[in-house]
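Any read-out appearing in this document is the output of simple, stated calculations on the displayed coordinates, not a laboratory observation. On a predicted model such as this, the values are computed, not experimentally measured, just so you know. Please note: Cβ atoms are built from the backbone with ideal geometry, for glycine as well, and neighbour counts cover all protein chains shown.
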Amino acid sequence: MSVQSMFSRAFLIATAERAVRTFAATLASLLTASGTGIFDVGWAQNLSVAAMSAFITVLLAIGGGTLGKGDGPSFVGTEQLAPRPAAAVVPAAVVQATEQPSAAVA
C-alpha cells in the first residue's frame, strides 16, 4: 500500500470507525467491570483509558496499512475499501415518460 492511499478518505474513515468502536467498547467494559453506580464512576480515569485504547487502534491501523496488501487498515491485507457508489443518472427521456400529465383544474 502506498502512502497516498493510506491517507485517502476511505482509509481514514475506516480507521476512525475502528477507533470510535474501540473507544466505546473499552469505556463500556470499564463501566460494567467497575460495578459502581453511574455517579460513583471515576470518569476521568475511564475516559483516559478508553482514549488510549482508541489511540493504539489508530497506530495499529497505520501499521496495518503500511504492511498489508489491501486498501484498508488491515494486517492480513484482504480488506478492500470500495469507493462510494455514484448516484444513478436517469436520462431525461425516462423521467419525462414516467411523469403523469396533470389534470386540468376547472
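In this rough spin-label picture, where each label sits 7 Å from Cα along the Cβ direction, the LEU59-GLU17 distance is 2.5 nm. Measuring r between the beta carbons of ALA25 and SER5 and using R0 = 30 Å, the FRET efficiency lands at 0.65. Computed packing ranks the peptides 6-13, 36-43 as 6-13, 36-43, most packed first, by mean other Cβ atoms within 10 Å.
In whole Hz and in residue order, list the ³J(HN,Hα) couplings for segment 45-58 that follow from phi through the Karplus curve 6.51 cos²θ - 1.76 cosθ + 1.60, θ = phi - 60°; x for Gly and Pro. Calculated HN-Hα couplings, in order: 5, 5, 5, 5, 5, 5, 5, 5, 4, 5, 5, 5, 4, 5 Hz. Remark: segment 30-41, residue by residue, has Karplus-estimated 3J(HN,Hα) of 5, 5, 6, 6, 6, x, 9, x, 5, 8, 9, 7 Hz, where x stands for each Gly or Pro and the curve is 6.51 cos²θ - 1.76 cosθ + 1.60 at θ = phi - 60°.
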